[in-house]
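Asker: The structure that follows is given in the form of structure tokens.
The values are calculated or read from the model by the stated rules, or taken from the named source; none is laboratory data. Predicted model, so just to flag it, every value in this text is computed and none were measured. Please note: Cβ atoms are built from the backbone with ideal geometry, for glycine as well, and neighbour counts cover all protein chains shown. For the accessible areas, the whole protein counts, side chains as well, though only heavy atoms, and no ligand, DNA or RNA atoms are used. Shrake-Rupley method; radii C 1.70, N 1.55, O 1.52, S 1.80 Å.
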Amino acid sequence: MGRTLIEKIIGSHTDQKVRPGNIVWMDLDVRSARDFGGGNVVANYHRHYGDQPVADVEKTFFTFDCNAPANTIPYAQNQRACREFAREQGIKVFDVDSGIGTHVLLEEGKITPGCTAVGTDSHFNIMGAAGAFGQGMGDSDIAYAFRYGRTWFEVPQSIKVTLEGQPSIFATARDVVFAVLRHFGSSGALGRAVELYGPAIDELDLSGRITVASQGTEMGAISLLLTPTDAVLEELSRGPDSQMKAVTADDDAEYEQTHTINVEGLGPLMAAPPSPTNIVEVKEVENRKVDAVFIGSCTNGRYEDIVAAAKVLKGSRVADGVNVFVVPSSRKIFMRLLSEGWLEALMAAGAVVSNPSCAGCASGQIGMTGSGETMVSTSNRNYKGKQGAGNTYLASPVTAAKCALAGCIKT
């Protein structure tokens, strides 16, 4: 009997039988904690394991991204506790200058196709962009993973999704995943591993795949898994000579469900308040006044995302009364944008550019709204209070930039 992608990945990290519903002990290639929850991971580790060593320091990391640099005393204390523990154990810390932890781990080659990784980030399943298993877990579970290098996991059922047709030239990776969210809603893939196929997926670069995979959490999925193409493998390895290989599902794999989604001619979409699965065509909500625009987050903070927005804004000025916030997802991306002049173009257009971090996607950071204000954001959630007291529409970087120029929602 053939195996699905998630079954193959888990199967290569356990000696137990891997079938949907089975609970197995799975070895972990990467275990990490971010500044949000990291302090509790350290406290739990000390409580249960004292000063015993972590299982493998080469596979263990801290990433500071949720509040970077710390602007509250509790976050400063969390980060201090993590740094002290890291020094004691010899653990690598990607500190407040690094960027979003999932992106940094991908950039640094810590995540490879078929690997298993856990962290305290609810969007850790973004690793599905590389054809890897990623999962957000609680503080106690991560402390255990630090100590023993493994975790228990229930093998999920798998869903196979094929996207048919070619989106329009106006559609981006964000619009493609909006179509998937519209199909499944907030719970249609609950607890499932979802494999995505079709020409619209095959053509995506790593940046686009990160955008797609990051939205698995919003539909309740364990992970959105994309099998890397040769071009994506080269991106992941940063060169053509790598021996990196993609894990693929068997031709006779058994899926709980199969779905086909037609994306032929797909145009720009948005997620309207109050839910990331409240998907509408941009033209349905056109001309609604916009007070702020946020471009960044683990969903759309890549180099390609910010350049796409900068090309729309370059040589123009954002509309009067609109605040635009741009936050690259990593230091490497920030430096590339800086050296190529894109940050200068954004600032000349009236945008505020900030240091790499989660920023507005983490409440209390740059990119908040006041009561009654409307924001267009490229982050992953738009629940009330997520990015302030106002209303948030989720969109692609291109749509967000167009809204910034118009001062209202525009296609």
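Asker: Could you give every pair whose Cβ atoms fall below 8 Å, whose first residue belongs to the stretch 125-152 and is part of a helix (DSSP H, G or I), and whose second residue is acidic (D, E), counting only separations of at least 6 or pairs across chains?
Answerer: Note: no pairs meet the criteria.
Asker: Kindly indicate which of T399, T378 is open to solvent by less than 50 Å² (accessible area, probe 1.4 Å), touching a helix residue (DSSP H, G or I) at 6+ places or on another chain (Cβ under 7 Å), under 17 Å from E284 (Cβ atoms) and of a type in the set (S, T, N, Q).
Answerer: Going through T399, T378 in turn, the sole match is T399.
Asker: May I ask you to verify whether R336 is without any contact (Cβ under 8 Å) to a residue 40 or more places away in the chain, touching a helix residue (DSSP H, G or I) at 6+ places or on another chain (Cβ under 8 Å) and either open to solvent by 40 Å² or more (accessible area, probe 1.4 Å) or under 26 Å from L181 (Cβ atoms) (or both)? Don't jump to the end; show me each part of the working.
Answerer: On the way: without any contact (Cβ under 8 Å) to a residue 40 or more places away in the chain: yes; touching a helix residue (DSSP H, G or I) at 6+ places or on another chain (Cβ under 8 Å): yes; either open to solvent by 40 Å² or more (accessible area, probe 1.4 Å) or under 26 Å from L181 (Cβ atoms) (or both): yes.
Judged against the criteria, R336 is a match.
Asker: Taking the condition of being touching a Ser or Thr at 6+ places or on another chain (Cβ under 7 Å) and at negative phi, how many residues in the stretch 107-126 meet it?
Answerer: 9
Asker: Report yes if N300 is surrounded by fewer than 17 Cβ atoms within 10 Å (Cβ to Cβ) and within 22 Å of the chain's Cα centre (by Cα), otherwise no.
Answerer: Numbers: surrounded by fewer than 17 Cβ atoms within 10 Å (Cβ to Cβ): no; within 22 Å of the chain's Cα centre (by Cα): yes.
Considered against the rule, which asks whether it is surrounded by fewer than 17 Cβ atoms within 10 Å (Cβ to Cβ) and within 22 Å of the chain's Cα centre (by Cα), N300 comes out as no.
Asker: Please tell me if A406 is surrounded by fewer than 22 Cβ atoms within 10 Å (Cβ to Cβ), more than 18 Å from N278 (Cβ to Cβ) and more than 22 Å from the chain's Cα centre (by Cα).
Answerer: yes
Asker: Output the residues belonging to the stretch 163-201 that are among the acidic types (D, E) and under 19 Å from the mean Cα position of the chain (by Cα).
Answerer: Within the stretch 163-201, D175, E195 qualify.
Asker: For the stretch 320-328, does any single residue satisfy the condition of being touching a Pro at 6+ places or on another chain (Cβ under 9 Å), open to solvent by 10 Å² or more (accessible area, probe 1.4 Å), without any contact (Cβ under 8 Å) to a residue 60 or more places away in the chain and over 19 Å from I210 (Cα atoms)?
Answerer: No; the residues of the stretch 320-328 include none that is touching a Pro at 6+ places or on another chain (Cβ under 9 Å), open to solvent by 10 Å² or more (accessible area, probe 1.4 Å), without any contact (Cβ under 8 Å) to a residue 60 or more places away in the chain and over 19 Å from I210 (Cα atoms).
Asker: Let me spell it out: the conditions are (1) in contact with a Leu (Cβ under 8 Å, 6 or more places away or on another chain); (2) open to solvent by 40 Å² or more (accessible area, probe 1.4 Å); (3) at pLDDT below 95, and L236 meets all of them except one. Which number is the exception?
Answerer: Going through the list (1) in contact with a Leu (Cβ under 8 Å, 6 or more places away or on another chain); (2) open to solvent by 40 Å² or more (accessible area, probe 1.4 Å); (3) at pLDDT below 95, L236 breaks only (2).
Asker: Related question: Out of I295, I279, I need the residue that is touching a Leu at 6+ places or on another chain (Cβ under 6 Å), at pLDDT 95 or above, open to solvent by less than 30 Å² (accessible area, probe 1.4 Å) and among the aliphatic types (A, V, I, L, M). Which one?
Answerer: I279 is the lone residue from the list that is touching a Leu at 6+ places or on another chain (Cβ under 6 Å), at pLDDT 95 or above, open to solvent by less than 30 Å² (accessible area, probe 1.4 Å) and among the aliphatic types (A, V, I, L, M).
Asker: Can I ask one more? Could you pull out the residue among L196, L181 that is open to solvent by less than 50 Å² (accessible area, probe 1.4 Å), under 23 Å from L5 (Cβ atoms) and either in a helix (DSSP H, G or I) or out of contact with any helix residue (DSSP H, G or I) (no Cβ under 8 Å at 6 or more places or on another chain) (or both)?
Answerer: Of the residues listed, the single one that is open to solvent by less than 50 Å² (accessible area, probe 1.4 Å), under 23 Å from L5 (Cβ atoms) and either in a helix (DSSP H, G or I) or out of contact with any helix residue (DSSP H, G or I) (no Cβ under 8 Å at 6 or more places or on another chain) (or both) is L181.
Asker: Just to be sure I understand, how many residues within the stretch 230-269 are touching a helix residue (DSSP H, G or I) at 6+ places or on another chain (Cβ under 6 Å), of a type outside the set (A, V, I, L, M), farther than 30 Å from K283 by Cβ and part of a loop (DSSP other than H, G, I, E, B)?
Answerer: The number of residues fulfilling the criteria is 1.
Asker: Whether any residue in the stretch 230-252 is in contact (Cβ under 8 Å) with a residue 12 or more places away in the chain, within 24 Å of R3 (Cα to Cα), touching a strand residue (DSSP E or B) at 6+ places or on another chain (Cβ under 8 Å) and of a type in the set (S, T, Y) is what I want to check.
Answerer: The answer is no, given that none of the residues of the stretch 230-252 is in contact (Cβ under 8 Å) with a residue 12 or more places away in the chain, within 24 Å of R3 (Cα to Cα), touching a strand residue (DSSP E or B) at 6+ places or on another chain (Cβ under 8 Å) and of a type in the set (S, T, Y).
Asker: Next question. Report the residue count in the stretch 286-303 for those that are β-branched (V, I, T) and closer than 25 Å to G188 by Cα. Steps first, please.
Answerer: At the first step, the residues of the stretch 286-303 found to be β-branched (V, I, T) are 290, 293, 295, 299.
Then drop every residue that is not closer than 25 Å to G188 by Cα, which leaves 299.
Looking only at that region, the number is 1.
Asker: Still on this model: Pick from R47, R80, R19: which is basic (K, R) and either surrounded by 21 or more Cβ atoms within 10 Å (Cβ to Cβ) or closer than 24 Å to T227 by Cα (or both)?
Answerer: Step by step, each of R47, R80, R19 is checked, and only R19 is basic (K, R) and either surrounded by 21 or more Cβ atoms within 10 Å (Cβ to Cβ) or closer than 24 Å to T227 by Cα (or both).
Asker: Given the criteria surrounded by fewer than 24 Cβ atoms within 10 Å (Cβ to Cβ), in contact with a Gly (Cβ under 7 Å, 6 or more places away or on another chain) and modelled with pLDDT of 95 or more, does G114 qualify?
Answerer: Considered against the rule, which asks whether it is surrounded by fewer than 24 Cβ atoms within 10 Å (Cβ to Cβ), in contact with a Gly (Cβ under 7 Å, 6 or more places away or on another chain) and modelled with pLDDT of 95 or more, G114 comes out as yes.
Asker: Counting just the residues of the stretch 153-168 that are outside any loop (DSSP other than H, G, I, E, B), open to solvent by 30 Å² or more (accessible area, probe 1.4 Å) and not β-branched (V, I, T), which one comes out nearest to Q16 (Cα to Cα)?
Answerer: Across the stretch 153-168, the extreme among qualifying residues is E154.
Residues checked against (1) under 20 Å from the mean Cα position of the chain (by Cα); (2) more than 30 Å from G109 (Cβ to Cβ); (3) among the aliphatic types (A, V, I, L, M):
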{"position": "R317", "(1), (2), (3)": "no, yes, no"}
{"position": "F334", "(1), (2), (3)": "yes, no, no"}
{"position": "A359", "(1), (2), (3)": "yes, no, yes"}
{"position": "G372", "(1), (2), (3)": "no, yes, no"}
